[in-house]
Amino acid sequence: MTDKLSGLLIRIRGFVTRRLLKRILLLFLVISVSGFLLFLLFDRLFPLPLQRLQYSTVVVSSDGSILSAYLSKDDKWRIKIRKEDIPQSLEKAVIFKEDKYFYDHPGVNVFALVKAFFRDLRAGRVVSGASTITMQVARMLHPERRTFVNKFKEIFMALQLEKHFSKEQILEMYFNLLPYGGNVEGIKAASIIYLHKNPVDLSPAEISTLMIVPNNPNHFKLGINNPAIITERNKWLNRFSKAHLYSQSEIDQAMFEPLNAKRGTMPQNAPHLCNRLIKKIKNENYIQTNIDFNIQKRTQQILADYIQKLALWNITNASAVIIRNKDHAVVAYVGSANFDDIKNQGQVDGANALRSPGSALKPFLYAMAFDEGLATPKTILYDVPCNYNGYQPHDYDLTFRGKVTVEDALLNSLNVPAVKMLSKMDLNSYVRLLENGGCHSLVNQEKKLGLSLVLGGCGLKLWELTGLYVALANNGQYTPLQWTKNQVADKTVPLFSDNAAFMVSHILTEMTRYDVPANIEGAEDFPKIAWKTGTSYGHRDGWCVGYDDKYTVGVWVGNFNDAESPELSGASCAVPLMTKIFSTLSVYNDFNWLKFPEGLGIRWACTETGKIPGVYCTNQVLDYYIPGISPTETCDHEQLVYVDQKEHYSYCKTCLPAKGYKEKLYPNYPPDMISYFELYHIPYQKVPEHNPNCTRVVRDNTLSIAYPVNGTEYLLMKDESQKLKLQCSASNDVNLVYWYVNDKYIAQSKPNEAIFFNPDYGQLKISCTDDKGRIANIHITVKEI
């Protein structure tokens, strides 16, 4: 009976125990599910405060070196470091010091937390938080006073972090939020500002230093309380030694490593470019440029040193842009000689300022002329006075050279031949070519552009002009400049043929020219480059752009206050700077980098006109030409004239006598060249006066009125006897011209001779007739003021 009772009791106790366990398990399950659901509810109601995860924007060079950095939106130096950029030794040391079980717990170390809870109860306050790295991140995201209530908030946020982020992301946040005093947060910002290096370059001693400061940044102030930091650092180094985190030799060396921490400033390289990019590119932690850090630093120093030498000439600033030709990448960008020079407006970005480029646009005019079949390098142009509706260009030295080749006109930057060439072309087509080549600043200036455009009658930016020259280095192909690594490449635009690009580049590599600096003339080790200068009106801007197959370098020299300087010119100031920069880039460049295009031809040309030699051409020179495009006229620089035996009169076939005449060659000068000879009293061989008894009237278009200008309105002062000038251009066989106003004869003169008359007010018809019967008419308006 007793045994049966005992068995019954055992069965009853087992049943009760199983029911109790089931209830306990059920209760635990209910609590767990409820807690989880409650957590999900609170997670939705109270999302993580991630506002502090705002980072400084950092502009870096092509190799990742910091060019410049900008405060975050909450005015912190908080530079984001990615998990993969955190040194392994740094990660191990931090986990050892702060949270050995970081990769094992769900954000909270329960055992450490319970232990700390009872310790805090005995103390009556929070003395030990047993904070995991995740909990520290939660506290740094939402800093609050250390209380029991806030501790529970911290735990909840830690669980939220673990739910939404991986361990690697949480560790990344930790390194980015560590406080280092003032407005410096994050290990990368601290490393750069206080230790002046990137975290990857930190020594064990420096790693230990940056680990202990966040525990008490108000006490361990880097640069102020370094001795206390060293003492605490060495304690941790001993612990690291026992944990075998570092070798003993590394520990021994670290123990005696001095701490030279001192708050510095963020790097400031290429500040003008960085300021431009920060305005253009938003919400990026890192802007990776194509800047070559070493080239940028070297160029900045070259400009700073060079501009000091120009101070005696009252020239205070300079800018430079360097482009790598193969990928159009901007590898150096210097906006001023010294960004911190307040006196001379160093913060102005000269490379992005609109300035007159002077003659720097001429190469593109001649490249266009080559492609349109208007000229070849040996084509003769006439550097003589001319007038285009009142616009009278002249050369920089106020002299005229008469007959010049295209090659000489470009090498010596002659203005008159360039304007004459542009007058034969379509101005709008030339403007389109420049705009397609990246000169977008011209778009808003189109209504003001005229023939003076080729002489710098416009505003361009240095980087635009330099990018345009890259097209010459790349066989006439233009591609927009690449400023950043992730920039989408734009399509290449053909500006002109590789033949035209070669001919222009070949001319610009010549060393026998006016703008060759004395210190490089004949220098055997100077790299072979092509370059062109420009000087703006009034000597306010000096330009030079040079290139080889690898780089294109553009420089500007002048004053940001627009002050003139008589010594300022592209040749005297910009070329030496450009060559100084280039010598650091391409000292060993290939002298044969300029490759002869397959489609380009070579032929003989007459030295008198640059045309294909005729029967009377004795002096010839080799010239480049584009088959099927370049002009094919035969030279006519000399004409066969019938004259009497004493060469007093010339004959045409109508009046040619049966005998008593001879044949003689005379130069066939155009009218504007004859005007030049007459104006400057230059002797030339003139065709004798035509037979006065000839009954044939010669009519052609070789007679033109130079002054007054057709269609112009002239304002004359009232009650003052003011006169207007009359002058024409006539051919070589003209001896006299006759002037008429409103068909009324007023005077006669020699061809190209200037005379003056008193005009009536109103509409006037001016007529000129030469002794061959040619007639030219113009109309002007005269008003009194």
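The values are calculated or read from the model by the stated rules, or taken from the named source; none is laboratory data. This one's a predicted model, so the numbers in the text were calculated from it and none came from an experiment. Note that we place each Cβ from the backbone using ideal geometry, even for glycine, and neighbour counts take in every protein chain shown. SASA here: full protein model, heavy atoms, side chains in, ligands and nucleic acids out. Shrake-Rupley method; radii C 1.70, N 1.55, O 1.52, S 1.80 Å.
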- Task: Grab the Cα-Cα distance for S65 and H142, subtract it from 0.36 nm times how many residues apart they are, and report the gain in nm with one decimal.
- Result: 24.5 nm
- Item | Dipole of the chain [Lys/Arg +1, Asp/Glu -1 at C-beta], most positive-end residue of V443, Y625, T147 | T147
- Query: Relative contact order, percent, of region 163-309 when contacts are C-alpha pairs under 8 Å separated by at least 6 residues?
  - Reply: 19 percent
- Could you pull out the trypsin sites (Lys or Arg not before Pro) across region 618-697 that fall in loop regions by DSSP (anything but H, G, I, E, B) with no more than 10 other Cβ atoms inside 10 Å? K646, K653, K659
- Query: Given the pairs K424/K686; K73/K153; K163/K221; K309/K550; K532/K750, which span a C-alpha to C-alpha distance of over 31 angstrom in this model?
  - Reply: K163/K221; K532/K750
- Estimated vicinal HN-Hα couplings, Hz - region 79-93 in sequence order (Karplus 6.51, -1.76, 1.60; Gly, Pro = x): 9, 5, 10, 7, 3, 5, 9, 7, x, 4, 5, 5, 4, 4, 5
- Message: Relative contact order for the chain: what percent, with Cα pairs under 8 Å and sequence separation of 6 or more?
- Response: 9 percent
- Task: Assign unit charges at the C-beta atoms only (+1 for Lys and Arg, -1 for Asp and Glu), then state the dipole size of the chain relative to its Cα centre in Debye, rounded to the nearest 20.
- Result: 5480 debye
- Message: Nearest 10 degrees is fine. How inclined is helix 427-436 to the longest principal axis of the chain, computing both from alpha carbons?
- Response: 20 degrees
- Query: What 222 nm value per residue comes from the helices of the chain, counting each DSSP H run with n ≥ 4 as -39,500 (n - 2.57) and dividing by all residues, nearest 500 deg cm²/dmol?
  - Reply: -10000 deg cm²/dmol
- Item | Surface accessible to a 1.4 Å probe, Y55 within the full protein complex, Å² | 30 Å²
- Query: Given the pairs K280/K491; K280/K448; K197/K485; K378/K420, which are separated by over 26 angstrom at their Cα positions?
  - Reply: K280/K448
- Burial ranking of peptide ranges 291-297, 772-778 (average Cβ count within 10 Å, highest at the top): 291-297, 772-778
- Item | Y761, Y478, Y391, reordered so the largest accessible area comes first (probe 1.4 Å) | Y761, Y391, Y478
- Note on the structure: Answer in debye to the nearest 20: the dipole magnitude of region 159-288 about its Cα centre, from +1 Lys/Arg and -1 Asp/Glu charges placed on Cβ, is 460 debye
- Note on the structure: The alpha-carbon center of region 47-74 and that of region 715-736 are separated, in whole Å, by 72 Å
- Query: Ranked by accessible surface with a 1.4 Å probe, highest first, in what order do L48, L568 come?
  - Reply: L48, L568
- For region 722-785 the mean separation of alpha carbon contacts under 8 Å (6+ apart) over residue count, i.e. relative contact order in percent, is 34 percent
- Once the dipole of region 216-278 is set up from charges on Cβ (+1 Lys and Arg, -1 Asp and Glu), the residue from the list W236, A261, C274 lying farthest towards its positive end is C274
- Order of 151-157, 84-90 by packing, highest average Cβ count within 10 Å first? 151-157, 84-90
- Heavy-atom accessible area with a 1.4 angstrom probe orders Y103, Y70, most exposed first, as Y103, Y70
- Message: If you roll a 1.4 angstrom probe over the protein chains with everything in place, what fraction of the accessible area of the chain belongs to carbon and sulfur, to the nearest %?
- Response: 53 percent
